[in-house]
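Asker: Mind having a look at this structure? Questions to follow.
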Amino acid sequence: MRSDGDTWDIVSSVGLTALAVATFRALESARSDAIIEDKFASWFVEAAAEPHFTALLKDPALLDDTPFGGFMGLRTRFFDEFFLSSTESGVKQAVIVAAGLDSRAYRLDWNSESTVFEVDQPKVLEFKAEVLAARDAQPKTDRRTVPTDLRNDWPAALAEAGFDPKEPTAWSAEGLLAYLPGPAHDALFERIDELSATGSRLAVNDFPAGADPKKLATIRSKYFAENPFGDLDISQLFYSDKRSDPGRWLTEHNWTVRRFSSVELADLYDRRIPDLPEEIAALSTQPSFLAATKN
């Protein structure tokens with residue numbers, strides 16, 4: 001269960017979900033028809049040595065009855081292409097909010113003048129730095145870490161790292177929103193808006209319309225024997241209190257918003273979605289990804 005001001009490392013609470021996402025990225029990267037390439041993901045899983053996720057790396061067939069890993073490939077590709085499109089258009093500043101074990105500063109081809117800021121809990125960023133240093137990995141751009149809590153005054157920490165609010169920025173909030181209490185969720189968008197010059201971009205994913213953490217957990221246990229997260233009940237980490245709809249809020253604040261469903265992303269990336277139970281298929285057609293540009 002969550003509590004006000006709680007913290008975590010990479011093998012506990014919300015941090016463990018970052019390790020799970022790295023596992024699913026590694027599994028997607030190993031597919032013969034992979035739609036992403038992330039050689040770094042398996043490094044983090046191996047270094048953390050968490051039994052459930054290391055077992056999945058060794059035997060991906062353990063997740064054969066669940067489509068979760070495949071959907072993570074779609075999600076990763078969406079955000080990869082968002083940043084590639086942003087840097088190709090000349091946006092030189094990127095902020096990865098709740099960066100977790102994201103390796104885009106190392107994987108993607110950035111503009112030569114780009115700066116990538118990674119914002120997350122101190123212990124998560126420390127673990128990440130240790131693993132990358134041990135492998136002598138070098139980023140492809142100016143990468144700056146911002147160890148802070150998103151429930152606190154993270155813009156101040158971002159400014160200390162050299163962020164320039166006068167420059168257009170590409171922002172991402174990937175796999176984050178449900179882990180924020182309502183006030184922090186709404187404050188996130190307010191702060192991003194305040195820090196975004198005209199031409200800034202934002203990519204976000206959220207639960208499909210009509211879904212909530214408890215409902216999703218019930219659907220998973222109903223149809224799939226294996227929990228992708230091992231013994232962790234991630235629904236216990238989510239908040240479902242009152243909050244603004246991100247797309248509606250951004251539209252009202254002069255952002256142009258485009259929405260995508262998982263099915264639409266699968267079509268874009270030429271990835272066949274397996275036959276799914278009706279309840280899950282219905283959710284996959286609901287827009288849960290958005291890309292926005294500030295006017």
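Asker: Go through segment 17-51 residue by residue and tally those that are within 15 Å of the chain's Cα centre (by Cα) and hydrophobic (A, V, I, L, M, F, W, C).
Answerer: 9
Asker: What pairs can you find where one residue is in segment 267-281 and over 18 Å from Gly73 (Cβ atoms), the other is among the aromatic types (Phe, Trp, Tyr) and outside any loop (DSSP other than H, G, I, E, B), and their Cβ atoms are less than 7 Å apart, with a gap of 6+ or different chains?
Answerer: That search, which allows pairs on different chains as well, returns Pro277/Tyr223.
Asker: Show the residue pairs meeting these rules: Cβ distance below 6 Å; 6+ apart or different chains; first residue within segment 240-255 and open to solvent by 80 Å² or more (accessible area, probe 1.4 Å); second residue at pLDDT below 95.
Answerer: Going by the 6 Å Cβ cut-off, the qualifying pairs are Ser240/Asp212; Ser240/Pro213; Lys242/Gly182.
Asker: I would also like to ask the following. Considering every residue within segment 161-170, establish whether at least one is over 25 Å from Leu84 (Cβ atoms) and under 18 Å from the mean Cα position of the chain (by Cα). Walk me through how you get there before you give the answer.
Answerer: Taking segment 161-170 and keeping what is over 25 Å from Leu84 (Cβ atoms), we get none.
No.
Asker: Among (1) under 30 Å from Asp193 (Cβ atoms); (2) over 20 Å from the mean Cα position of the chain (by Cα); (3) open to solvent by less than 40 Å² (accessible area, probe 1.4 Å), which single condition is Thr54 missing?
Answerer: It fails just one condition, (1).
Asker: Hey, among the residues in segment 256-284 that are open to solvent by 80 Å² or more (accessible area, probe 1.4 Å) and touching a strand residue (DSSP E or B) at 6+ places or on another chain (Cβ under 7 Å), which one's nearest to Asp33 (Cα to Cα)?
Answerer: Quick first cut of segment 256-284, residues open to solvent by 80 Å² or more (accessible area, probe 1.4 Å) only: 258-259, 264, 267-268, 270, 272, 275, 278.
Okay, now just the ones that are also touching a strand residue (DSSP E or B) at 6+ places or on another chain (Cβ under 7 Å), so 258-259.
Values: Arg258: 27, Arg259: 26 Å.
Among residues in segment 256-284 that are open to solvent by 80 Å² or more (accessible area, probe 1.4 Å) and touching a strand residue (DSSP E or B) at 6+ places or on another chain (Cβ under 7 Å), the one nearest to Asp33 (Cα to Cα) is Arg259.
Asker: Working only within segment 98-154, note down all residues that are assigned to a helix (DSSP H, G or I), over 15 Å from Ile10 (Cα atoms) and modelled with pLDDT of 95 or more.
Answerer: So the first thing to find is which residues in segment 98-154 are assigned to a helix (DSSP H, G or I), and the list is 104-107, 122-134, 154.
Those left that are additionally over 15 Å from Ile10 (Cα atoms): 104-107, 133-134, 154.
If the condition is that a residue be assigned to a helix (DSSP H, G or I), over 15 Å from Ile10 (Cα atoms) and modelled with pLDDT of 95 or more, then Arg104, Ala105, Tyr106, Arg107, Ala133, Ala134 are the ones that fit.
Asker: Among the residues of segment 120-158, write down those that are out of contact with any helix residue (DSSP H, G or I) (no Cβ under 9 Å at 6 or more places or on another chain) and open to solvent by less than 60 Å² (accessible area, probe 1.4 Å).
Answerer: Pro122, Leu125, Ala129, Ala156, Ala157
Asker: Filter segment 220-232 for residues that are at pLDDT 70 or above and under 22 Å from the mean Cα position of the chain (by Cα); which is most open to solvent (accessible area, probe 1.4 Å)?
Answerer: Here the answer is Asp231.
Asker: Quickly run through segment 159-186 and pick out the residues that are open to solvent by 20 Å² or more (accessible area, probe 1.4 Å), assigned to a helix (DSSP H, G or I) and small (Gly, Ala, Ser).
Answerer: Ala159
Asker: Quick check on my filter: what residues within segment 102-119 are crowded, with 20+ Cβ neighbours inside 10 Å and in contact with a strand residue (DSSP E or B) (Cβ under 9 Å, 6 or more places away or on another chain)?
Answerer: If the condition is that a residue be crowded, with 20+ Cβ neighbours inside 10 Å and in contact with a strand residue (DSSP E or B) (Cβ under 9 Å, 6 or more places away or on another chain), then Asp102, Arg104, Ala105, Trp110, Ser114, Thr115, Val116, Phe117, Glu118, Val119 are the ones that fit.
Asker: Moving to a separate point now. Report yes if some residue within segment 189-204 is over 23 Å from Asp102 (Cα atoms), at pLDDT below 95 and more than 17 Å from the chain's Cα centre (by Cα); otherwise report no.
Answerer: no
Asker: Give Val11, Val45, Val21, Val91 a once-over and let me know the one that is part of a loop (DSSP other than H, G, I, E, B) and either open to solvent by 20 Å² or more (accessible area, probe 1.4 Å) or within 18 Å of Leu132 (Cβ to Cβ) (or both). Let's see the steps before the verdict.
Answerer: Numbers: Val45 fails: part of a loop (DSSP other than H, G, I, E, B); Val21 fails: part of a loop (DSSP other than H, G, I, E, B); Val91 fails: either open to solvent by 20 Å² or more (accessible area, probe 1.4 Å) or within 18 Å of Leu132 (Cβ to Cβ) (or both).
That would be Val11, the only listed residue that is part of a loop (DSSP other than H, G, I, E, B) and either open to solvent by 20 Å² or more (accessible area, probe 1.4 Å) or within 18 Å of Leu132 (Cβ to Cβ) (or both).
The values are calculated or read from the model by the stated rules, or taken from the named source; none is laboratory data. Fair warning: this is a prediction, and the values are worked out from it, not measured in the lab. No Cβ is skipped: glycine too gets one built from the backbone with ideal geometry, and neighbour counts run over all protein chains shown. With ligands, DNA and RNA removed, areas are computed over all heavy atoms of the protein, side chains included. Shrake-Rupley method; radii C 1.70, N 1.55, O 1.52, S 1.80 Å.
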